[in-house]
Amino acid sequence: MLQPYALVLTAQSKNKVLTEGLVEQIGDLFSQKEILHSTWLSPNAAYEVVWQAPSFENTQDIKGKIREALKNMPIDINIVSADPETRQKKLLVADMESTFIEEELIDELAAQANKKSEVSALTQKTMRGESDFTQSLRRRVKLLEGLSVETFDLILDRTTEMSGARTLVREM
């Protein structure tokens, strides 16, 4: 028995890598009788193809072909069940930075505490896998000790909302 699945391709719209031509190329990887519908969720940022497959395991072949077609482009590939009874969104878990705001909040706070270079060095070391994340976060937060609530308000006023953040929350 065939089940509906959704392929969702997402990219930062400013990169302009998710194009009409690319989604047509991706569409050609499917048998036309398999596709139930396809649509732009957000121009140049999110595209969805809903198709039928016998099982989730059968979707992995198409995912491999898509990954190959994208040639390491900065596009996320997600395949989820498209069954209307189970596709209800219940929880959104996301990092605030690069999802809801453009800035790195801890860097902005560190700049106000005159500790930006120290915090940045710890962050880079952690990102390279040279430091435990939890210990690094504790050290970085410790460097911010003494900042006032007003500092948070100041940074909030300068924070730039990510394009699509409101749409993401509304759609969820």
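Computed from the coordinates by the stated procedures, all read-outs in this text should not be read as laboratory data. Worth saying up front: this structure is predicted, and the values here are computed from it rather than measured. Cβ: placed from backbone, ideal geometry, glycine included. Neighbour counts: every protein chain shown.
Note on Ile77 and Val169: their simple-model spin labels are 3.3 nm apart, each label 7 Å out from Cα toward Cβ. The length gained by stretching the chain between Glu104 and Lys14 to full extension, at 0.36 nm per residue less their Cα-Cα distance, is 30.6 nm.
Simple rule: put +1 on each Lys or Arg Cβ and -1 on each Asp or Glu Cβ in the range 1-114, find the dipole, and look at Tyr5, Pro54, Pro74; the Cα lying farthest toward the positive end is Pro54. As a ratio to 2.2 N^0.38 Å, the alpha-carbon radius of gyration computed for the range 53-149 takes the value 1.60.
Under 20 Å from the Cα of Lys16, which lysines turn up, not counting those fewer than eight places away in the same chain? Here the lysines satisfying the reach criterion relative to Lys16 are Lys71.
Helix 116-127 and the long axis of the chain differ in direction by around 40°, with both axes built from C-alpha atoms.
For the chain, what is the mean residue ellipticity at 222 nm derived from helices alone (per DSSP H run of n ≥ 4: -39500 (n - 2.57); sum divided by total residues; nearest 500 deg cm²/dmol)?
Mean residue ellipticity, 222 nm, calculated: -12000 deg cm²/dmol.
In sequence order, the range 91-105 has phi-based couplings of 8, 10, 10, 8, 6, 5, 5, 6, 10, 10, 10, 7, 7, 9, 4 Hz under the Karplus curve 6.51 cos²θ - 1.76 cosθ + 1.60, θ = phi - 60°, and Gly or Pro positions carry x. By the rule of a C-alpha distance below 17 Å, with chain neighbours fewer than 8 residues away ignored, the aspartates and glutamates paired with Lys115 are Glu103, Glu104, Asp107, Glu145. Expressed as a whole number of Å, what is the distance separating the alpha-carbon centroids of the range 103-165 and the range 1-72? If you average the Cα positions of each part, the centres end up 36 Å apart. For Ala53, nonlocal amide neighbours, meaning residues 5 or more places apart or on other chains whose placed amide H falls under 5 Å from its own, are Gln3, Tyr5. Bridging of Lys33 to lysines at a Cα separation below 24 Å is possible for Lys63, Lys65, once same-chain residues fewer than 8 apart are set aside. FRET efficiency for the pair Asp157 and Arg87, taken as 1/(1 + (r/R0)^6) with r the Cβ-Cβ distance and R0 = 41 Å, rounds to 0.60. Rounded to the nearest 20, the size of the Cβ-charge dipole of the range 45-168 about its Cα centre is 340 debye, with Lys and Arg at +1 and Asp and Glu at -1. What the Cβ-Cβ distance of Leu2 and Ser42 gives, at R0 = 22 Å and to the nearest 0.05, is a FRET efficiency of 0.20.
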